[in-house]
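The values are calculated or read from the model by the stated rules, or taken from the named source; none is laboratory data. In this text the structure is predicted, and so the values were computed from the model without any measurement. Every residue, glycine among them, receives a Cβ derived from its backbone with ideal geometry; neighbour counts consider all protein chains shown.
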Amino acid sequence: MSDRQESTDFVVVYEARPASVNGILKLLRGKGLNPISLEKPDPLLHYVLQHRTKVIQISVPRQQAQLALSYLKEWEDTCRENVSGLTRSIRVQALTSLAITAVVAVLLIVFGRFSAESVLLLLGSWVAVFALLANARKIFPPVKKD
């Protein structure tokens, strides 16, 4: 009977992928909450789904559920902002490298050198130009003016 009472005292507040479970538990513990992660110990299900996305449930005591949900919403918003910031920061580099690759493709077509091997060359050049543009600040740090 104590197992049943103990299980009803906890509420699932989040379902996370294994890579982020420890971070979420650490976040909630850092805020003074008592989270636990729940696993469904069905070995057959685990065997069948081992190569698919696995979700782990995170629970907190019922009294802490609203507070945990607010912290998790704040954490998700921060993560979403970080991802959108990264996406915005590489958009220019992706479009610039695509434009450079398109110019090279047009030049190959104009000079009659476009072939099946050219597609691989264009793909490789796009990847190289994109990598250089995306890491330009690390490769060529800005000069500080005194």
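Some points to look at:
- Failed item in (1) assigned to a helix (DSSP H, G or I); (2) of a type in the set (G, A, S); (3) over 26 Å from the mean Cα position of the chain (by Cα), with G112 passing the rest: (1)
- Test result for Q93, assigned to a helix (DSSP H, G or I) and under 30 Å from F10 (Cβ atoms): no
- All helices (runs of 4 or more DSSP H) inside the range 1-90 with 1 or more residues being modelled with pLDDT of 90 or more: 18-30
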